[in-house]
Amino acid sequence: MADINPMEHPPGTGQAADPLDWAAWYEETLDALVVQVEAAAIEWGLDPDGQPYVIEGQQRPAGVEYPLAMVLEFRKVRDDAASDRDEELHDINVNVSVFDRNDPRDYASNLRKTIAQMGAVQSSLYDDRSLDGTCEYLYVEETTAFELETERTDETVGSIDLRLKKEAKHPY
């Protein structure tokens, strides 16, 4: 008689359980994050469809309008101390950066404007620290305001590093 592996056949079902859908696990959180960033009290530049420029990734399209935000990092790390085989806890490290064009001769105002934009995004994120229930909670670990050295020398960045805590529950 063959042994029945409970991981392949949950008790009482006679069928294999569907594995955790990791793509959906990531996407629901990224989608909710983008919604919260878009909700920040910033008059975002708009794409051709009239949507705020919150770009998922590191490539900016031609003709982009400012200010804009970019989700530059989305990295998951398993918390071994708080995880077991069936229920895992993960840290998702995310970087959201706000880019804007400013006056290259008015450094003090540029810094204050960049800090205000970082603060607006952080306030929006803290308005719903569960990102519509897609994670346990989030917190901002570090923020940095700086100017990029470019040919035009007028681009500023408000960089926000945040950490999300999220569970992954595995079926049998």
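A short reminder: the numbers here are calculations on the coordinates, not readings from a lab. Computed from a predicted structure; not experimentally measured. When we count neighbours, we look across all protein chains shown, and the Cβ atoms used for this are built from the backbone with ideal geometry, even at glycine.
If I take R0 = 41 Å and measure r between the Cβ atoms of residue 75 and residue 111 in this structure, what FRET efficiency does the formula 1/(1 + (r/R0)^6) give, to the nearest 0.05? Before the final figure, lay out the partial values.
Working: r = 28 Å, r/R0 = 0.69.
After rounding, the FRET efficiency stands at 0.90.
For residue 56, the residues 5 or more places off, or on other chains, whose built amide H falls under 5 Å of its own are 71.
Candidates 102, 92, 82 compared by Cα position along the dipole of the chain: farthest toward the positive end lies 102, with charges placed on Cβ. Only Cα pairs under 8 Å and 6+ residues apart enter the sum, and on that basis the relative contact order of the chain stands at 24 percent.
Using mean Cβ contacts within 10 Å as the protection proxy, how do 61-73, 28-40, 154-166 order, highest first? Walk me through the numbers before you get to the answer.
On the way: 61-73: 15.6, 28-40: 18.5, 154-166: 20.2.
Highest mean packing first, the order is 154-166, 28-40, 61-73.
Segment 98-172 and segment 18-57 have Cα centres spaced 14 Å apart. Mind checking the angle between helix 107-127 and the chain's longest principal axis? C-alpha axes, 0 to 90 degrees, to the nearest 10. Helix 107-127 and the main axis of the chain meet at about 30 degrees. Once Lys and Arg get +1 and Asp and Glu get -1 on their Cβ, which of 35, 114, 138 lies farthest toward the positive end of the dipole of the chain? The listed residue farthest towards the positive side: 114.
Could you compute the FRET efficiency for residue 147 and residue 170, with r as their C-beta to C-beta distance and R0 at 41 Å, rounded to 0.05? Mind dumping the intermediate values first?
On the way: r = 46 Å, r/R0 = 1.12.
Calculated value: 0.35.
Explain nothing, just the number: dipole magnitude of segment 24-64 about its Cα centre with +1 on each Lys and Arg Cβ and -1 on each Asp and Glu Cβ, in debye rounded to the nearest 20. Don't skip to the answer; put the middle values down first.
Values: 1 positive and 8 negative charges, 39 e Å.
Magnitude of the dipole: close to 180 debye.
Between amide H atoms placed 1.01 Å from N, distances below 5 Å from residue 83 occur with 89, all of them 5 or more places distant or on a separate chain. Under a model in which nothing but the beta-carbon of Lys, Arg (+1) and Asp, Glu (-1) is charged, segment 14-103 shows a dipole of about 340 debye around its Cα centre. Here Cα Rg over 2.2 N^0.38 Å was computed from the coordinates, and among (1) 1.32; (2) 1.25; (3) 1.10 the match is (1).
The magnitude of the dipole of segment 47-172, with charges of +1 and -1 set on the Cβ of Lys/Arg and Asp/Glu and taken from the Cα centre, is near 100 debye. Partner aspartates and glutamates whose Cα lies under 12 Å from the Cα of residue 166, excluding those fewer than 8 positions away in the same chain, are identified as 28, 79, 87, 88, 91, 136.
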